[in-house]
1. So which residues in the stretch A:129-167 are farther than 16 Å from A:G193 by Cβ, under 16 Å from the mean Cα position of the chain (by Cα) and not hydroxyl-bearing (S, T, Y), if there are any at all?
2. Could we say that A:A311 is crowded, with 19+ Cβ neighbours inside 10 Å and of a type in the set (A, V, I, L, M, F, W, C) here?
3. Residues of the stretch A:26-37 being surrounded by fewer than 13 Cβ atoms within 10 Å (Cβ to Cβ) and within 8 Å of DNA strand D (Cβ to nearest atom), which ones?
4. Among the listed residues B:G82, B:G40, which satisfies the condition of being within 12 Å of DNA strand D (Cβ to nearest atom), open to solvent by less than 80 Å² (accessible area, probe 1.4 Å), in a helix (DSSP H, G or I) and over 20 Å from A:R120 (Cα atoms)?
5. Checking B:R107 against (1) touching a Lys or Arg at 6+ places or on another chain (Cβ under 6 Å); (2) exposed (fewer than 15 other Cβ atoms within 10 Å of the Cβ); (3) over 30 Å from B:A284 (Cβ atoms): exactly one of these is not met. Which one?
6. Output the number of residues of the stretch A:126-149 satisfying the condition of being under 24 Å from B:A75 (Cβ atoms) and either touching a Leu at 6+ places or on another chain (Cβ under 9 Å) or within 10 Å of chain B (Cβ to nearest Cβ) (or both).
7. Any chance the stretch B:270-279 includes a residue that's within 18 Å of the chain's Cα centre (by Cα), more than 13 Å from B:L180 (Cα to Cα) and crowded, with 23+ Cβ neighbours inside 10 Å?
8. Within the stretch B:142-177, can you find the residues that are part of a helix (DSSP H, G or I), within 30 Å of B:A246 (Cα to Cα) and open to solvent by 10 Å² or more (accessible area, probe 1.4 Å)?
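The values are calculated or read from the model by the stated rules, or taken from the named source; none is laboratory data. For clarity, every value in this text was computed on a predicted model and none was experimentally measured. A quick note on method: Cβ atoms are made from the backbone with ideal geometry, for glycine too, and the neighbour counts reach across all protein chains shown. Ligands, DNA and RNA are excluded from the accessible area calculation, which covers all protein heavy atoms including side chains. Shrake-Rupley method; radii C 1.70, N 1.55, O 1.52, S 1.80 Å.
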2 protein chains.
Amino acid sequence: MGVEAGPAREPSIIDVARRAGVSHQTVSRVLNGHPHVREGTRHKVLSAIGELGYRPNRAARALVTGRSQVLGVVAPRTTLFGPVSLLAAFEEQAAEAGFTVIVARLRTFDQASTGNAVRRLLDQRVAGMAVIAPVASAIDALRELPSGVPIVTVDSGPDRLRPAVNVDQAEGARLATQHLLDAGHATVWHVSGPSDWFDAAERMAGWSDTLRRAGLEPPPVVPADWTSAAGYRAGQLLGRMPEVTAVFAANDSLALGLLRALHELGRSVPDQVSVVGFDDIPEAEFLVPPLTTVRQDFESVARQGLDLLLAQLELRDGQESRIIAPVLVERASVAPPAAQG
Amino acid sequence: MGVEAGPAREPSIIDVARRAGVSHQTVSRVLNGHPHVREGTRHKVLSAIGELGYRPNRAARALVTGRSQVLGVVAPRTTLFGPVSLLAAFEEQAAEAGFTVIVARLRTFDQASTGNAVRRLLDQRVAGMAVIAPVASAIDALRELPSGVPIVTVDSGPDRLRPAVNVDQAEGARLATQHLLDAGHATVWHVSGPSDWFDAAERMAGWSDTLRRAGLEPPPVVPADWTSAAGYRAGQLLGRMPEVTAVFAANDSLALGLLRALHELGRSVPDQVSVVGFDDIPEAEFLVPPLTTVRQDFESVARQGLDLLLAQLELRDGQESRIIAPVLVERASVAPPAAQG
DNA sequence: GGCCACATTGTTAACGTCAATATTCTCTGC
DNA sequence: GCAGAGAATATTGACGTTAACAATGTGGCC
């Protein structure tokens, strides 16, 4: 049957054309769903493709069209629940929309690393970029960069220059703080995230605004980072202050460390101290006590971010920034303050 | 100065050549570090590259060479600490080695989804693939697939057919179990992960082997998945059994749920019940009590996995499977059994 | 039955790069 | 100062695809 024993080159559009008895351009038309292909012809081509196990060469396609079906994502190199969830959701949804995703990981958010990450993605000729860089300096670095491609910032704070998708962090903080006030607490203390993170700043702002709006002067913030260790230290501090009856922790890991410190100090939660976290990590429900917290819908953030990016790519409408509302998840770590302060 | 107002086409190797006053092939030689380029020429080319902001077109390069600097990873679509850490480490190290990584996420591990994921990566003409699919069925699916490219399985169990990198899960379980026995417990109970996961099976095997080697018949396994919810349910069961004084949980999330249940049942940890987890999630140290657990070095797993893959790509030595030893992290959740059982 | 419109197919020329093959320098040795 | 051997550079031709354009077929209408 004239079988050549070649070095197993992958079949090309030409091989398919030969087998189907048409020109390679007709194959291309079938591949790209162009009109004006007779049904019988289309069928012949399709079966040739099947028999040969042909798969289009994306490099060749990208070369000739100058476009790629690749999206880049800049994401922090961390195992924090928020960024991880968001990234996974974005990757999954981009794949469903037919895009390939490449990720540039960021260990630090300084100008140089951010610039390098973006350049790496640009080197890959990505069609567009989503930036998950929840730190102001990283977003600033973007400003300096000659982009050339559409960029969306996701969960990285509002941006006057680019479309952005964000969870309303301040609103989440408001929900948490107000919930504690509504339970009857005289005021609410706050253990904050690292101050250069946008979410941390917004949560802090939402917290203090809520207090002020209730006619209260916010107590001093306990600064921390996102770790349980920092939460533990904060708890050792706050737990020794009898006037502290309600604490809003900037995320669930902090709250977890806080709970441990309060426990060690013999301060019962929620009887003596109420605690609210942020994120709703899968473990939150099973802490002692089950943690009241604020949930962010990362699926939705990812979907909106992708949609925003695609809107830019396709030059269609819907390029305005979007805000996602968080939601309070009530569990057992909040109660009215004990009668005797 | 003869500036053309074109549609801002990206500069090509030809533009660089023109600017440097050499042929495009010379530019190519400089780009690829070939010998026989005069120092002065190299310098001219390099500055032309800088002035033009030229970046090589990878699509063109991939097209002509038939190779790509892209690695594919199949990874579960989850926020579990283990897979997430491993994936992040692999991505980072691959990037350092000059490779681009694309990830195919797996929601379920059945033959069909695994096949699709692999095919998606193959469509992208990846040079090699790392598979993080800690479930037997997924690894089986690989066997059916015409690969064409080197594949390494990582943290997915030993594989007779392919090189693999794994943490010695059984050894980790042995460390945990033996540690509890050494503390004086009569036996050790086990809350297992989902039985189709390789790690879960190995940890169970390591646990029961250790008991048998100590002359003990393993008590019934409490089956669970990886979630805190399942750990909580297991704890409600085990906590009611006075003879249970030591529990090895297949991961830290399970242990966390377990701790809550024990706490609710008034069983003190570690005074009445000792608990050991697995993974050493960042929160483990701040649970009540701080959790003794087994740490896996995912950085190292990723490094070995990448190295194994590159060894195959470059047809060099070092293609044998590798095993990474886990390590016991002692904290406060283990103590000798109470005097009165 | 001839002509026109349009549907269908084919042909040719890029896209940017590297490999293979020429060509032109630049020495070295005598 | 000329041959010959390399070194250094240039020229040409793929790679697999799509776009632009050219060519052919097909039917309807008068």
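1. Matches in the stretch A:129-167: A:M129, A:A130, A:V131, A:I139, A:I151, A:V152, A:V154, A:P158, A:D159, A:P163, A:A164, A:V165.
2. no
3. A:N32, A:H34
4. Among B:G82, B:G40, only B:G40 is within 12 Å of DNA strand D (Cβ to nearest atom), open to solvent by less than 80 Å² (accessible area, probe 1.4 Å), in a helix (DSSP H, G or I) and over 20 Å from A:R120 (Cα atoms).
5. Unmet for B:R107, out of (1) touching a Lys or Arg at 6+ places or on another chain (Cβ under 6 Å); (2) exposed (fewer than 15 other Cβ atoms within 10 Å of the Cβ); (3) over 30 Å from B:A284 (Cβ atoms): (3).
6. Of the residues in that region, 8 qualify.
7. Within the stretch B:270-279, one or more residues are within 18 Å of the chain's Cα centre (by Cα), more than 13 Å from B:L180 (Cα to Cα) and crowded, with 23+ Cβ neighbours inside 10 Å.
8. B:A170, B:E171, B:R174, B:L175
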